[in-house]
1. Take the residues in the stretch 202-221 that are farther than 19 Å from residue 81 by Cα and touching a strand residue (DSSP E or B) at 6+ places or on another chain (Cβ under 6 Å); name whichever of them is least open to solvent (accessible area, probe 1.4 Å).
2. If you scan the stretch 209-218, which residues turn out to be more than 17 Å from residue 258 (Cα to Cα) and assigned to a strand (DSSP E or B)?
3. Could you go through the stretch 160-183 and let me know if any residue there is under 23 Å from residue 24 (Cβ atoms), part of a loop (DSSP other than H, G, I, E, B) and not basic (Lys, Arg).
4. In this structure, does residue 197 turn out to be in contact with a Ser or Thr (Cβ under 9 Å, 6 or more places away or on another chain) and either open to solvent by 50 Å² or more (accessible area, probe 1.4 Å) or in a strand (DSSP E or B) (or both)?
5. Say we look at the stretch 184-194 and pick out the residues that are of a type in the set (A, V, I, L, M, F, W, C) and open to solvent by 30 Å² or more (accessible area, probe 1.4 Å); which of these is nearest to residue 279 (Cα to Cα)?
6. Just one of 322, 330, 318, 281 is closer than 23 Å to residue 50 by Cα, over 20 Å from the mean Cα position of the chain (by Cα) and buried (at least 18 other Cβ atoms within 10 Å of the Cβ); which is it?
7. Say we look at the stretch 1-58 and pick out the residues that are at pLDDT below 95, more than 17 Å from the chain's Cα centre (by Cα) and hydrophobic (A, V, I, L, M, F, W, C); which of these is most open to solvent (accessible area, probe 1.4 Å)?
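The values are calculated or read from the model by the stated rules, or taken from the named source; none is laboratory data. Since we're looking at a predicted model, the values are computed, not measured. A quick note on method: Cβ atoms are made from the backbone with ideal geometry, for glycine too, and the neighbour counts reach across all protein chains shown. For accessibility, only protein heavy atoms count, side chains too; no ligands or nucleic acids. Shrake-Rupley method; radii C 1.70, N 1.55, O 1.52, S 1.80 Å.
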Amino acid sequence: MEQPHAVVIGAGIGGLTAAVALRLRGWRVTVLERAATLEPVGAGISLAPNAQRALDVIGLGDEVRPLAAWQGDAGLRTPDGRWLARTDSRAAARRFGGPLVLLHRATLAGLLTAHLPDGAVRTGTPATLTDPGAPGRPARVATQDGDLQADLVVGADGINSAVRRALFPTHPGPAYTGFTTWRVVVPAPERPFAPHETWGAGRLWGSQPLNDGRVYAYAAAPAPARDRAPDEKAELLRRFGGWHHPVPGILAAVEPEAVLRHDVHFMAEALPAYHVGRTALLGDAAHAMPPNLGQGGNQAIEDAIVLAHHLAPTHDDLAPALAAYTRDRLPRTMDIVRRSARAGRAAMLTGAPAVLRDAAIGAAGRLAPGLMLRGFAGIADWRPPVRTYAA
């Protein structure tokens, strides 16, 4: 029997994970990426134990776990440095079965592409889904080099997914949350610090160490959609320059041109399904979510593993397998979308509601030290439906 062919549109973390998993399941895989190179646009990605267990299925979990940099205390703070709630890496590992691993997206992309054959990833290749396919009819994808036929197409083309629009043209797509984010990666300051997220009135900052000695920092604040400052470093200094250590030192090390800023959108209205015909969606293309629980990339990895689990390469009719994929993934991912959106709204509170929020978190943190970890129950403890495909 001829080896079935899967075309993955988009070489982000979810698309690359799907390519590796499908290949291990017996599919021939082609990944089409619009960008000229595989240098990911982005900064850090936090891999919780649920994503690490998903990566175990393709033999990568033990490659990422040693990259964990979080040791000891971490928690939630106020702009003057007061701790609202704390936890520690050991408690997180005990509760969810592993450490939290924060690494640069480029590092994870490199680990994934190393498990694909030469030529499987075609960069500088925009792709358009022209036919989602059906039982007895292959899907078709148009590229600048000609059309491709595929037994399966995976739409992993991100939050502005053209594949999603082709499958569900009347769906409104992701909605604006009302806040924007900034991200930077800088050398670590000389004076050590505990990993933290800090909530102010309508402002948020996070400082997280990377295993390679750098720091991944992120910030968020309400802003009109598509609003931009002439100098984003100056804008960060204006909003956060007076906050506690290590924020001023991180900002001092920022190169102005290295600041990434993106408005945050989320899938307020669920899609009817995550598949049509022979085409499936995953990651932000299916269920874009605010970053407040750090699960966007994690859920894309889960999607990829569950999709491959259902897709035995001997099945000519993919309809039952793709229906099972939607059944498994849509409720879980949309629950996490809603939980992330609630966390984002809480972080952006101002005035009296923000004061009450901090008081409630502080009191709960004193009375129940595991408060921060409880927010990840049902998320970080997820386990994949299969142990491993890797030899």
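1. First, the residues of the stretch 202-221 that are farther than 19 Å from residue 81 by Cα: 210-214.
With the extra rule that they be touching a strand residue (DSSP E or B) at 6+ places or on another chain (Cβ under 6 Å), the set shrinks to 210, 214.
Numbers: 210: 12, 214: 87 Å².
Out of the qualifying residues, it is 210.
2. Result: 209, single match.
3. no
4. It is true that residue 197 is in contact with a Ser or Thr (Cβ under 9 Å, 6 or more places away or on another chain) and either open to solvent by 50 Å² or more (accessible area, probe 1.4 Å) or in a strand (DSSP E or B) (or both).
5. Filtering the stretch 184-194 for residues of a type in the set (A, V, I, L, M, F, W, C) gives 184-186, 188, 193-194.
Now restrict to residues that are open to solvent by 30 Å² or more (accessible area, probe 1.4 Å): 185, 188, 193.
Working: 185: 36, 188: 43, 193: 46 Å.
In this case the residue turns out to be 185.
6. 322
7. Among those residues, the one meeting the criterion is 1.
Okay, residues lined up against (1) closer than 22 Å to residue 198 by Cα; (2) small (Gly, Ala, Ser); (3) touching a strand residue (DSSP E or B) at 6+ places or on another chain (Cβ under 9 Å):
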residue	(1), (2), (3)
242	yes, yes, no
259	yes, no, yes
271	no, no, yes
282	no, no, yes
310	no, no, no
316	no, no, no
320	no, no, no
323	no, yes, yes
326	no, no, yes
